[in-house]
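These notes are about the structure you will find just below.
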Amino acid sequence: VPQHVWRINLDTPEEAHQNLSFGAADRWWEQVDLTKLILASNKLQCLSEDVQLLPALTVLDVHDNQLTSLPAALGHLENLQKLDVSHNKLKTLPEELMKLTHLKSLLLHHNELSYLPDGFGQLVNLEELDLSYNHLTDIPTSFALLVNVVRLSVAYNQLRSLPADISAMKRLRQLDCTKNYLETVPSELASMMSLEQLYLRKNKLRHLPEFPSCKLLKELHAGENQIEVLNAENLKHLNSLSVLELRDNKIKSVPDEITVLQNLERLDLANNDISRLPYTLGNLAHLKFLALEGNPLRTIRRDLLQKGTQELLKYLRSKIQDDVSSSNEEPPATAMTLPSESRINMHAITSLKLLEYSEKQAAAIPDEMFNAVRSYPVTTVNFSKNQLSEIPARIVELKDSVDDVNLGFNKLSSISPELCMLHKLTHLDIRNNFLTSLPEEMETLTRLQIINLAFNRFKVFPGVLYRLRALETILLGNNQVGSIDALQLQKMDKLGTLDLQNNDLLQVPPELGNCDTLRCVL
């Protein structure tokens, strides 16, 4: 590094000597100290101790060089918030590094570190720590003090265990332990309530840990291990899980309780020893991707596996019906039993909390469907693909339990007051109907997160939606909506997805750019 770089705060720049017309206001070198220094992708073999002449640095990036050590003088950069020394040849870290208490991001991946200094826990403000691709065999217990870390990667090291103290990282959202030698995961990990993504791939795990407190866990990647059993216990707390990746293990069966994972979108079970699947998998409403290749499945024809996830789920659902008809879960046939009651899937009502009467081309839902519910707390209602011209009034009987209603592919032209009484509703699917407006009474659905209104006849964006502040997803594609009110949308601080494709919008309001929670705009 040229010497004048280190002295940039001290020396007057060349051009100031040559050009004497610099007024006081232009003399930037007297007013501003260097805050960012980027020396990445060079051929540096060492950094000078003169780095201490730049005490105002907040960012120092020297990744992709040939450094074998770091200067002790780094400890003087007390304003440093981000230090990237990844892709070098570091074998050790100087103790002085532990003085950088304002450090928020420390990137050490792709080096040759075999141990870490004990004082690591002094970096109390760290939020991001990447130690992947090193030669670490253990983690210092002082990690317990790093309570602000949000992302931690120790992937591609030689760890045989994780310290239980890691559970003190109460804000940790992403933990990557891919490709180590872990045989177990400390049970304390289960208490990490902020954890959202956990990567345990390519280890030596024999079973999955239980996660009683990980209510926010969205992704669990545990492929390429030696897991043989998948227990209901492992799954029952993972209410938020959307990705479960267990490929290349030795799992022999999938428990029926897999249906507790109601938010599951991706399930990868490829290359295991699974011979039969629970048909109840078909009831995972959000499942978009199911990988099963490389299993000795006896009950499912190979050509079916190649048709893709949706066809497979449809097949599994059809089997649930057959299963139940041949089992003894129906009400006993007394003189009171209506002949049609034998069609009612009591197993779905009692175990899956699902009331389903779909694809029947029916103009009305038979009363015995509602009678069968009795006092069972049904959470999901599926009346899709019928010929309903109005919403069944008796749906209001389910108001204390139902949170997911599917009325798609019917002939509804209006929303009934009864639907507006389902105060626990979080998901509402009314796609492919004849709706032109939504009633103001829908304001009472304060928990609604997802609404699907695609393929209806809306000419105006339904105003009541702007007031449903819990909404995360609005699907309004394939209507005739002419305009949207971006200022109203801005107040919807949970809205992540807005789909208005194939409508009649003449312009996109620039204020939409201020809706900073939006992740996906179509």
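A few notes on this one:
Yes/no matrix, rows are residues, columns are (1) of a type in the set (G, A, S); (2) buried (at least 17 other Cβ atoms within 10 Å of the Cβ):
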{"position": "E95", "(1), (2)": "no, no"}
{"position": "L103", "(1), (2)": "no, yes"}
{"position": "L108", "(1), (2)": "no, yes"}
{"position": "E112", "(1), (2)": "no, no"}
{"position": "L116", "(1), (2)": "no, yes"}
{"position": "F143", "(1), (2)": "no, yes"}
{"position": "S153", "(1), (2)": "yes, yes"}
{"position": "N157", "(1), (2)": "no, yes"}
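- E228 being surrounded by fewer than 17 Cβ atoms within 10 Å (Cβ to Cβ), in contact with a His (Cβ under 8 Å, 6 or more places away or on another chain) and at pLDDT 90 or above: yes
- When restricted to residues that are open to solvent by less than 40 Å² (accessible area, probe 1.4 Å) and more than 14 Å from C46 (Cβ to Cβ), the range 70-93 contains 7.
- Taking every residue in the range 511-522 that is within 18 Å of A470 (Cα to Cα) and pairing it with any residue that is open to solvent by 50 Å² or more (accessible area, probe 1.4 Å) and charged (D, E, K, R), at least 6 positions away or on another chain, the pairs with Cβ-Cβ distances below 6 Å are T517/D493.
- Strands (runs of 3 or more DSSP E) (entirely within the range 443-504) containing at least 1 residues that are touching a residue at least 40 places away in the same chain (Cβ under 8 Å) and in contact with a Gly (Cβ under 6 Å, 6 or more places away or on another chain): 497-499
- Answer from G294, G282 - the residue that is open to solvent by less than 60 Å² (accessible area, probe 1.4 Å), more than 26 Å from L355 (Cα to Cα) and either free of Cβ contacts under 8 Å to residues at least 40 places away in the same chain or assigned to a loop (DSSP other than H, G, I, E, B) (or both): G294
- Among the residues here, N410 does not qualify as part of a loop (DSSP other than H, G, I, E, B) and at positive phi.
- Cβ-Cβ contacts under 9 Å between residues 6 or more apart (or on different chains), taken from a first residue in the range 129-142 that is outside the structural domain of D176 (by the TED database) to a second residue that is small (G, A, S) and modelled with pLDDT under 95, are absent.
- Considering residues of the range 246-266 that are farther than 20 Å from K215 by Cβ and surrounded by fewer than 17 Cβ atoms within 10 Å (Cβ to Cβ) only, the residue nearest to the chain's Cα centre (by Cα): D256
- Taking the criterion of being open to solvent by 10 Å² or more (accessible area, probe 1.4 Å) and under 19 Å from V521 (Cα atoms), the residues of the range 441-455 that qualify are Q449, I450, N452, A454, F455.
- Meeting the requirement of 2 or more residues that are open to solvent by 50 Å² or more (accessible area, probe 1.4 Å) and at pLDDT 55 or above, the helices (runs of 4 or more DSSP H) wholly within the range 298-361 are 302-305, 309-326.
- Test: residue in the range 139-147 that is touching a Phe, Trp or Tyr at 6+ places or on another chain (Cβ under 6 Å) and either within 22 Å of E96 (Cβ to Cβ) or not hydroxyl-bearing (S, T, Y) (or both): yes
The values are calculated or read from the model by the stated rules, or taken from the named source; none is laboratory data. Since this is a predicted model, take the numbers as computed values, not measurements. Note that we place each Cβ from the backbone using ideal geometry, even for glycine, and neighbour counts take in every protein chain shown. Only protein heavy atoms, including side chains, enter the accessible area calculation; ligands, DNA and RNA are left aside. Shrake-Rupley method; radii C 1.70, N 1.55, O 1.52, S 1.80 Å.
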